[in-house]
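A.B. asks: Starting off with a structure, shown below.
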Amino acid sequence: MNAEEWKGKSENLSDSMAPEQLQRFEEMLNHNPSDIGHGSELSTCAHWAFFHAPLPNSELGVSGNPRNHGLIPPCDLPRRMWAGGKLVFRKPLITGSPAEKKSTLIDVSEKEGSSGKLCFVRLKHQVSQKGALAIDEDQEYVFREENEKGAHPIRTDPMDLDPDWKKLTRPDALQLFRFSAVTWNSHRIHYDQEYAREVEGYPNPLIHAPFLLLLMLDSFRSKHDGKVITSIEYRSVGPVYLGEQISIGGKSIDNFTEALRVTGPEGKLAMKADVNWSYSWT
């Protein structure tokens, strides 16, 4: 694979931004969607429920991922996971007004880790509406080798802060299915228990990294009502498997920054995020 040939490659998608899709997204988070209609503002990261390219089942691989993703170069490493990213929110998106997303391959790098060969792919997404940029987003994926029989990723990093607040939750199979559905994510490690266990070697289906981030943001909003999130930087540092109870915690770093953490039942880290906020969009 010649990574330099792929860097800078881009594609464009458009979406009508139907309010019904936002309703489904909010229902998935157990929110009341009754007030959502034409002209409603999207909640933080709700754009993940939009901009899905049409793709028939025949173009999906055994894992449920596209056989040939237009922007992701061919990689010999079969296991794909969402590693982290950064989002900058410049203005709110609204339903009922068409929007565009431009996606660009920024970087591809191959490394040798403790678990073997790794390939990191970084994409930039820019979402615009009515000619103005609304969201800048970087996403990073990691591809790795197959698990050795009986081995699977575990959490190893210790908790690195003393939270001001905590919330316990246990993501369930219905939440994983509905998040996969509303984000049009057919990766089988998140909802197909037999595939996750027998093919990819996990003890149970994996909780989506972006769904963990949504749970963190939901907890943040419940503690800080009225604050507008302006940017997020997050990284997945360990897996969470279906059936595990997790702890979500946050600690104020300064007047406009909160550090958020997800830990497993043994206290080891699964996800880290820094959230910047203000009191309004202006």
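The values are calculated or read from the model by the stated rules, or taken from the named source; none is laboratory data. Since this is a predicted model, take the numbers as computed values, not measurements. Backbone-built Cβ (ideal geometry, glycine too); neighbour counts: all protein chains shown. Keep in mind that these areas ignore ligands, DNA and RNA; they rest on the heavy atoms of the full protein, side chains included. Shrake-Rupley method; radii C 1.70, N 1.55, O 1.52, S 1.80 Å.
A.B. asks: Would you point out the residue of segment 258-282, among those that are at pLDDT below 95 and hydroxyl-bearing (Ser, Thr, Tyr), that is nearest to Pro163 (Cα to Cα)?
C.D. replies: The extreme case among them is Ser278.
A.B. asks: For segment 158-182, how many residues meet the condition of being crowded, with 18+ Cβ neighbours inside 10 Å and either in a loop (DSSP other than H, G, I, E, B) or not aromatic (Phe, Trp, Tyr) (or both)? Before the answer, list the steps.
C.D. replies: Of all residues in segment 158-182, those crowded, with 18+ Cβ neighbours inside 10 Å come to 171, 175-176, 178-180, 182.
Retained after the next criterion (residues that are either in a loop (DSSP other than H, G, I, E, B) or not aromatic (Phe, Trp, Tyr) (or both)): 171, 175-176, 178, 180, 182.
Of the residues in that region, 6 qualify.
A.B. asks: Can you pull out every residue in segment 30-52 that is more than 25 Å from Asp172 (Cβ to Cβ) and either over 20 Å from the mean Cα position of the chain (by Cα) or outside any loop (DSSP other than H, G, I, E, B) (or both)?
C.D. replies: Asp35, Gly37, His38, Gly39, Ser40, Glu41
A.B. asks: Between residues in segment 260-282 that are on the phi > 0 side of the Ramachandran plot and residues that are open to solvent by 50 Å² or more (accessible area, probe 1.4 Å) and not in a strand (DSSP E or B), which pairs lie under 8 Å by C-beta distance while being six or more apart or on different chains?
C.D. replies: Gly267/Met159
A.B. asks: Something else about it: Search segment 5-28 for residues that are closer than 17 Å to Pro92 by Cβ and open to solvent by 80 Å² or more (accessible area, probe 1.4 Å) and pair each with any residue that is among the polar types (S, T, N, Q) and at pLDDT below 95 when their beta-carbon atoms are under 9 Å apart and the residues are at least 6 apart or on different chains.
C.D. replies: none
A.B. asks: Something else now. Please go through (1) closer than 24 Å to Asp138 by Cβ; (2) open to solvent by less than 10 Å² (accessible area, probe 1.4 Å) for Ile246 and return the number of the only condition it doesn't satisfy.
C.D. replies: With (1) closer than 24 Å to Asp138 by Cβ; (2) open to solvent by less than 10 Å² (accessible area, probe 1.4 Å) applied to Ile246, the lone miss is (1).
A.B. asks: Can you pull out the residues in segment 53-70 that are more than 30 Å from Arg155 (Cβ to Cβ), touching a strand residue (DSSP E or B) at 6+ places or on another chain (Cβ under 8 Å) and in a loop (DSSP other than H, G, I, E, B)?
C.D. replies: Within segment 53-70, the first condition is being more than 30 Å from Arg155 (Cβ to Cβ), and the residues that meet it are 53-59, 67-68, 70.
Of the ones still in play, those that are also touching a strand residue (DSSP E or B) at 6+ places or on another chain (Cβ under 8 Å) are 53, 55, 59, 67, 70.
Answer for segment 53-70, where residues must be more than 30 Å from Arg155 (Cβ to Cβ), touching a strand residue (DSSP E or B) at 6+ places or on another chain (Cβ under 8 Å) and in a loop (DSSP other than H, G, I, E, B): Ala53, Leu55, Arg67, Gly70.
A.B. asks: Consider segment 29-41. How many of its residues are touching a strand residue (DSSP E or B) at 6+ places or on another chain (Cβ under 7 Å) and either open to solvent by 80 Å² or more (accessible area, probe 1.4 Å) or within 16 Å of Glu100 (Cα to Cα) (or both)? It would help to see each step written out before you state the result.
C.D. replies: Kept after step one, since they are touching a strand residue (DSSP E or B) at 6+ places or on another chain (Cβ under 7 Å), are these residues of segment 29-41: 39-41.
The next check asks that each one be either open to solvent by 80 Å² or more (accessible area, probe 1.4 Å) or within 16 Å of Glu100 (Cα to Cα) (or both); those that pass are 41.
The qualifying residues number 1.
A.B. asks: Separate question: Mind listing whichever residues of segment 29-61 are under 22 Å from Phe89 (Cβ atoms) and of a type outside the set (A, V, I, L, M, F, W, C)?
C.D. replies: Just the residues of segment 29-61 that are under 22 Å from Phe89 (Cβ atoms), to begin with: 29, 31, 33, 35-52.
His31, Pro33, Asp35, Gly37, His38, Gly39, Ser40, Glu41, Ser43, Thr44, His47, His52, listed by residue number.
A.B. asks: Condition test on Ser231, is it within 16 Å of the chain's Cα centre (by Cα) and crowded, with 20+ Cβ neighbours inside 10 Å? Show your work before the answer.
C.D. replies: Numbers: within 16 Å of the chain's Cα centre (by Cα): yes; crowded, with 20+ Cβ neighbours inside 10 Å: no.
Criteria not met by Ser231.
A.B. asks: Right, here's the next one. Which numbered condition in (1) under 21 Å from the mean Cα position of the chain (by Cα); (2) surrounded by 15 or more Cβ atoms within 10 Å (Cβ to Cβ); (3) closer than 30 Å to Leu93 by Cα is the only one that Asn204 fails?
C.D. replies: (3)
A.B. asks: Output the residue which, of all residues in segment 137-162 that are under 18 Å from Ala83 (Cβ atoms) and of a type in the set (Lys, Arg), is modelled with the lowest pLDDT.
C.D. replies: The selected residue is Arg144.
A.B. asks: State which residue pairs qualify: first residue more than 21 Å from Pro19 (Cβ to Cβ) and of a type in the set (D, E, K, R) and inside segment 173-189, second residue open to solvent by less than 40 Å² (accessible area, probe 1.4 Å) and not in a helix (DSSP H, G or I) in any location, beta carbons under 6 Å apart, and separation of 6 or more residues or different chains.
C.D. replies: Once the first residue is more than 21 Å from Pro19 (Cβ to Cβ) and of a type in the set (D, E, K, R) and sits in segment 173-189, its partners that are open to solvent by less than 40 Å² (accessible area, probe 1.4 Å) and not in a helix (DSSP H, G or I) give Arg188/Ser63; Arg188/Gly64.
A.B. asks: Okay, moving on. Looking at Met81 and the list (1) over 27 Å from Val237 (Cβ atoms); (2) in contact with a helix residue (DSSP H, G or I) (Cβ under 9 Å, 6 or more places away or on another chain); (3) part of a strand (DSSP E or B), which single condition is not satisfied?
C.D. replies: Tallying (1) over 27 Å from Val237 (Cβ atoms); (2) in contact with a helix residue (DSSP H, G or I) (Cβ under 9 Å, 6 or more places away or on another chain); (3) part of a strand (DSSP E or B), Met81 fails exactly one: (1).
A.B. asks: Continuing with this model, one more query. Confirm whether Gly267 is open to solvent by less than 20 Å² (accessible area, probe 1.4 Å) and not aliphatic (A, V, I, L, M). Lay out the reasoning, then the answer.
C.D. replies: Details: open to solvent by less than 20 Å² (accessible area, probe 1.4 Å): no; not aliphatic (A, V, I, L, M): yes.
When the stated conditions are applied, Gly267 does not pass them.
A.B. asks: Taking the stated definitions as given, is Val262 of a type in the set (A, V, I, L, M, F, W, C), farther than 23 Å from Arg24 by Cβ, surrounded by 18 or more Cβ atoms within 10 Å (Cβ to Cβ) and under 16 Å from the mean Cα position of the chain (by Cα)? Reasoning before the result, please.
C.D. replies: On the way: of a type in the set (A, V, I, L, M, F, W, C): yes; farther than 23 Å from Arg24 by Cβ: yes; surrounded by 18 or more Cβ atoms within 10 Å (Cβ to Cβ): yes; under 16 Å from the mean Cα position of the chain (by Cα): yes.
The answer is yes for Val262.
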